[in-house]
Every structure is written in C-alpha cells, then in structure tokens.
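Below is one structure, written out as structure tokens; comments come after it.
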Amino acid sequence: MFFFIGGIQPKTIRVDKQAKLCSVCGHPGVYLKRVDHYLSVFFIPLFPVKKGTPFLICENCCAKFDDRGEKQESWKRGCPHCGESVDRYSSFCPNCGKAL
C-alpha cells in the first residue's frame, strides 16, 4: 500500500531587501512581496508551480499597496496597545486582550 501526502501550498516571498516608508503609518517597513504556490510533499515545498503578482505591504500597520504604491483594501490592522496585527473586524486583540 502506498500513501502520498502532498499538495500545493502558498508561500510568501520577500522580493526586495530594501524597506520603503509607509504612507499610512510612517514606519520604514514596507517590503515588496509576492505569494508563490509550491508543490509540496509531506509539507515540504519542493518547487514553485505558480508565481504571484508582487505587492507592497507594511509590516507595522498591515497596509497593502500594489506594485505602483497605490493603497489597497487591508484585511488586517495593528493593535494600538501591543502592535500585533489583528483582523480588521475584531473587537479585541488576540495577543493582549484589550479592546480595539
């Protein structure tokens, strides 16, 4: 009997190493990233199957921009108390438990 545990999984890749300045929060942590899909066997990514489109994202406030720098709708935001990223529809921070 033979079992194959594998599939396609997403992996976020940082395209460039130089940070840019966020126009929303002013934090110098905006990087160009893309989400690539990899064929994986036993949860180990082996080789890329599909390359995603590049986008800019702030690691502080989770603001998302396209590759030209125009702001897109963000699904996450930063907690004002601890700085952890939380879902924008959350009422409480899952990290510190304080109200948002």
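Bear in mind these aren't lab numbers, they're just calculated from the coordinates by the rules spelled out. Just so it is clear, the structure is predicted and the values come from calculations on it, not from any experiment. Note that we place each Cβ from the backbone using ideal geometry, even for glycine, and neighbour counts take in every protein chain shown.
One entry in (1) 22, 16, 11; (2) 30, 20, 10; (3) 35, 13, 10 is semi-axes √(5λ) of the Cα gyration tensor in Å calculated from the shown coordinates; its label is (2). Other residues whose C-beta falls under 15 angstrom from the C-beta of Arg14 contribute a net charge of +3, scoring Lys and Arg +1 and Asp and Glu -1. Listed by Cβ neighbour count within 10 Å, with the fewest neighbours leading, Tyr31, Tyr89 appear as Tyr89, Tyr31.
Between Gln18 and Ala99, the contour length at 0.36 nm per residue exceeds the Cα-Cα span by 25.7 nm. The residues packed around Leu39, meaning those with a beta-carbon under 12 Å from its beta-carbon, carry a net charge of +1 if Lys and Arg are +1 and Asp and Glu are -1.
The ranking of Ile5, Ile13 from fewest to most other beta carbons within 10 Å of each one's beta carbon is Ile5, Ile13. Were the residues from Phe55 through Phe43 laid out at 0.36 nm apart, the gain over their Cα-Cα distance would be 1.8 nm.
Mind telling me which of Phe42, Phe55, Phe65 comes out most flexible in a GNM of the chain, alpha-carbon contacts under 10 Å? Among Phe42, Phe55, Phe65, the largest GNM mean-square fluctuation belongs to Phe42. Give, as ranges by residue number, the residues of the range 27-46 whose backbone N falls under 14 Å from the point 7 Å along Cα→Cβ of Phe3. Of the residues in the range 27-46, 42-43 have backbone N under 14 Å from the label point off Phe3.
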